[in-house]
There are 2 protein chains.
Amino acid sequence: MRPDHSGSLLGASAFSIEERDAVYRAISTRRDVRSEFLPDAIPDDVVERLLTAAHHAPSVGFMQPWNFILVRDDKVKEAAWQAFDRANREAGEMFNGERRQLYRSLKLEGIRAAPLSICVTCDPDRCGDIVLGRTHNRRMDSYSTVCAVQNLWLAARAEGVGVGWVSIFHEADIKEILGVPERVEIVAWLCVGYVDKLYDQPELAVKGWRQRLPLKQLVFSDRWENSRD
Amino acid sequence: MRPDHSGSLLGASAFSIEERDAVYRAISTRRDVRSEFLPDAIPDDVVERLLTAAHHAPSVGFMQPWNFILVRDDKVKEAAWQAFDRANREAGEMFNGERRQLYRSLKLEGIRAAPLSICVTCDPDRCGDIVLGRTHNRRMDSYSTVCAVQNLWLAARAEGVGVGWVSIFHEADIKEILGVPERVEIVAWLCVGYVDKLYDQPELAVKGWRQRLPLKQLVFSDRWENSRD
C-alpha cells in the first residue's frame, strides 16, 4: 500500500487582487542596481529574510545546492573589484567603435559602494552524483541556484533593497579570493544595499545600449516560429 | 559631456508591510506541481500576465534571450510525455534498491494533465556573439532565462496557477517535437494549470525523498566555510 500523504495537501489559498498586484509590482519594478546604493547597513533580520527567500527557491531533486557567502570585509570587496576591473577592461576591448565608447561609459557594478555583497555558489556534489531531475540535464543544479538568486532579488525589492548581479570576472579569481573549492561554481556576485531611487526602465535601455523587445514576437504556439495569431 | 539620464531615476516607492508579505507568501508557498492540476483553461489575459512577468526578468546585457512556446495541442503534449517517459525509465535504472522503488513511485510531471505547457528556450545568438556581461561567463544567457522561469512561477502562484518544471528528457527529443533550431537551448518544460490544493512542504520532502537543509549551515561570512557566528 502506498503511504497516504493527503494530509500535507492543503487548500491553495488565493491571493487578493492587492496581494497579486504586489507580486507584479516587485517583478516589474525590480532593477539591476549599480550606482544607487546607500551606505546604510542592512539589519540582520532583513538579511535573514532575503536568504530565507532564496532558500525557498525550487531545486532539482530538492538538492538545495546553494551557499551564500556574505561579504562585508572591505579588503575582500576591493579584491573582487580588482577582479571585475581586470575582466571589464578585457571586455571593453571586445567591442568596436561607438559601442566600445558606450560600453566604457557604463557603470556595471557597485561592489565597493554596496554595504553587502552576497556570492551565491552551486555545489554539484551536494547529494551525490545521481540527482533526481538532473539525470538528463547536468545544468539543473546551476538553474536551481539561479532561481534562488531571483527569489532574493524580488524579496529585496519588496524590502526597499537594491541588488546588482555582477558577472564580469574570471571565475577562478573569485574562487581564489573567497577560498571556494574547485568543484563549486560561482553563480552570482550580488551587490546589495538600500536604494531610494530606481530607474523606471532597465538602465541599459535608458542609456541606449539595447531596448525591450516586443513580447509578442517571442511567443509561439505549439511549435517554434508558429505565431499565435 | 555625458548625457543626463537623471530624469529616468525615480523614487523607489516603498512596499507596505502587506505588499511585502504578499511577495514572501508567493515565494514560500510556491510548489513544483505534478498532480494537482485542474482541467480548466487559463484565460488569455492570465497567460499574458504570466508571460509579461517572465519577460520582465533581468537579462544579461538586456539580451532577453528567451522564447515561450505555448503548447495546448494534445498530440504535441503526448509526444513530450513519451520523451519524458523514456528518459524517466532510464533515470529509474540509475538508482538502487529502496531508492529506486521510491523514485519509481514518485509522479514527476503533469504534462498530459495540465491544460497548458510552456517550453522556455534560450537563444544564445539573440544579439550577436559579444554580449555585455556574458563576455566572461557563457552561461549567463541561460541564467537570464531561468530568472524568467522563476518570475513566471511566482506570478502564477499569485494567480492561483500551479507550475511544474519538467527536466527529465533528452533535449534533442523536445527540440525535434517542437522544431527548435540546434543553436537554441531548451531551458524548461513547464506544466501550467489552476490548482486548488498545494503541498504545505515541497512534495519530495513530504514523500521522504529529501528534507530541507538548515539555512544556517549554508551561509558563510567573507570566506568559504567561515561560519557567521
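Of note:
- B:Arg139 vs. criteria open to solvent by 30 Å² or more (accessible area, probe 1.4 Å) and either farther than 17 Å from B:Val46 by Cβ or in contact (Cβ under 8 Å) with a residue 12 or more places away in the chain (or both): yes
- Subset of the stretch B:189-219 that is at the interface with another protein chain (Cβ under 8 Å from one of its Cβ atoms) and in contact with a Ser or Thr (Cβ under 7 Å, 6 or more places away or on another chain) - its residue that is most open to solvent (accessible area, probe 1.4 Å): B:Gln201
- Qualifying positions in the stretch B:1-35 - modelled with pLDDT under 95, touching a strand residue (DSSP E or B) at 6+ places or on another chain (Cβ under 7 Å) and over 17 Å from A:Arg25 (Cβ atoms): B:Ser8, B:Leu9
- Odd one out for A:Val131, checked against (1) open to solvent by 10 Å² or more (accessible area, probe 1.4 Å); (2) hydrophobic (A, V, I, L, M, F, W, C); (3) part of a loop (DSSP other than H, G, I, E, B): (1)
- Residue that is more than 9 Å from chain A (Cβ to nearest Cβ) and in contact (Cβ under 8 Å) with a residue 60 or more places away in the chain, where the choices are B:Val161, B:Val184: B:Val161
- Among the candidates A:Arg104, A:Arg99, residue that is more than 7 Å from chain B (Cβ to nearest Cβ), free of Cβ contacts under 8 Å to residues at least 12 places away in the same chain and within 27 Å of B:Thr135 (Cβ to Cβ): A:Arg99
- Counted residues, the stretch B:112-126 - those being in a loop (DSSP other than H, G, I, E, B) and either under 14 Å from B:Ile186 (Cβ atoms) or within 7 Å of chain A (Cβ to nearest Cβ) (or both): 2
- Every condition in (1) open to solvent by 10 Å² or more (accessible area, probe 1.4 Å); (2) under 19 Å from the mean Cα position of the chain (by Cα) is met by A:His55 except one, and the failing one is (1).
- Given (1) at the interface with another protein chain (Cβ under 7 Å from one of its Cβ atoms); (2) open to solvent by 40 Å² or more (accessible area, probe 1.4 Å), number of the condition B:Ala12 does not satisfy: (2)
- Residues satisfying the stated conditions in the stretch A:63-85, i.e. assigned to a helix (DSSP H, G or I), surrounded by 15 or more Cβ atoms within 10 Å (Cβ to Cβ) and either free of Cβ contacts under 8 Å to residues at least 40 places away in the same chain or of a type outside the set (A, V, I, L, M, F, W, C) (or both): A:Lys77, A:Trp81
- One residue alone among A:Arg34, A:Arg25 is of a type in the set (Lys, Arg), assigned to a loop (DSSP other than H, G, I, E, B), open to solvent by 20 Å² or more (accessible area, probe 1.4 Å) and closer than 22 Å to A:Trp165 by Cα, and that residue is A:Arg34.
The values are calculated or read from the model by the stated rules, or taken from the named source; none is laboratory data. Quick caveat: nothing in here was measured; it's all calculated off a predicted structure. Don't worry about glycine lacking a Cβ; one is built from the backbone with ideal geometry, like all the others, and counts go over all protein chains shown. SASA here: full protein model, heavy atoms, side chains in, ligands and nucleic acids out. Shrake-Rupley method; radii C 1.70, N 1.55, O 1.52, S 1.80 Å.
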